[in-house]
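The values are calculated or read from the model by the stated rules, or taken from the named source; none is laboratory data. Computed from a prediction, not measured in an experiment: that's the story for all the values here. Counting neighbours? That spans all protein chains shown, and the Cβs are built from the backbone with ideal geometry, glycine included. Only protein heavy atoms, including side chains, enter the accessible area calculation; ligands, DNA and RNA are left aside. Shrake-Rupley method; radii C 1.70, N 1.55, O 1.52, S 1.80 Å.
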Amino acid sequence: MSATSPRVLARVTSVEARLALRDPATVFFALLFPAVLLTVLGLATPWGSAPYDPSDPLLATISGITGYTPIVLTLAVGTVALSSYPTVIATYRGQGVLRRLSTTPLPPSRLLVAQIVVNVAALLLAAVLTLTVGMLVVDVTAPERPGVVLAAFLLTAASTFGLGSLVAARAPTAGAANGIGMTLYFVSLFFAGVWLPLPIMPEAIQRIAVWTPLGAGSQAMLAGWVGDGVPVRELLVMAGWTVVLVPVAARVFRWR
């Protein structure tokens, strides 16, 4: 059986999924964290039931907590893709797991893809759980265009994991991966509107944000949520990041 066959990828993915389920921190941040965060924000903050942006005709139709839901989803993606994922791969490198794998025909791309598949599947479950809890507990309204929101969410995850793959491919230790990943994480959160919603940020910041994976993802999901057409530019930006970053990460991957 060839090392690049779908059966090998399925086997590696299965092993990575079982390893992920054994780590309580991974399970919490990949599955439960966004639902818990959205619930706490919805119950504890006074702006949750107020219009998201009274100056905008579309954004004024949704509540603050509904407008913040895409931001919570991008935050969840960033937490896993830029923090947990690179640290796991770098830990494998530090423990000599990758050195042993380098003696097999398995290409690095299969290990990276297996990790991405496991984490994106977990994030999809987390998104469904977050939306369900949000609608039942804190009155989040359903997206006007769920297909656009789903496509934007998947591309947000793919492009951000591409960025995390570059860190995972080169970081020599878990500490280095965590340091680099967290730096990218906090900068990305700024452009995703976590600290301050993008609609009320300066226009220059909004223009820069749309070219970052999490910034484009946040804006694309919000557009789908309020039915503001198809955010073609944001979707293409995230697809571009994905197509470039994942192959580059596989090419520069270091086993040791």
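Values computed for the structure shown
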| quantity | calculated |
| --- | --- |
| Length-normalised contact order for the chain - Cα pairs under 8 Å, 6+ apart - percent | 26 percent |
| Relative contact order of region 114-256, pairs being alpha-carbon contacts under 8 Å that are 6 or more residues apart, as % | 34 percent |
| Helical contribution to [θ] at 222 nm, DSSP H n ≥ 4, -39,500 (n - 2.57), averaged over the chain, rounded to 500 | -22500 deg cm²/dmol |
| Cα gyration tensor, region 1-77 - rounded (a/c under 1.5), prolate or oblate | oblate |
| Residue-level accessible surface for residue 135, protein heavy atoms, 1.4 Å, Å² | 80 Å² |
| Cβ-Cβ FRET estimate between residue 56 and residue 28, R0 fixed at 41 Å, reported to 0.05 | 0.75 |
| Compactness of the chain - radius of gyration and Dmax, Cα, Å | 18.5, 60 |
| Under the span-like rule (Cα at least 15 Å along the axis, Kyte-Doolittle mean at least 0.5), DSSP H helices of the chain | 6-21, 33-44, 64-79, 108-137, 146-170, 174-192, 213-226, 232-251 |
| Mean separation of Cα contacts under 8 Å, 6 or more apart, over the residue count of region 1-102: relative contact order % | 19 percent |
| Cα gyration tensor, region 90-165 - rounded (a/c under 1.5), prolate or oblate | prolate |
| Centre separation in Å (Cα based) which lies between region 156-207 and region 22-100 | 12 Å |
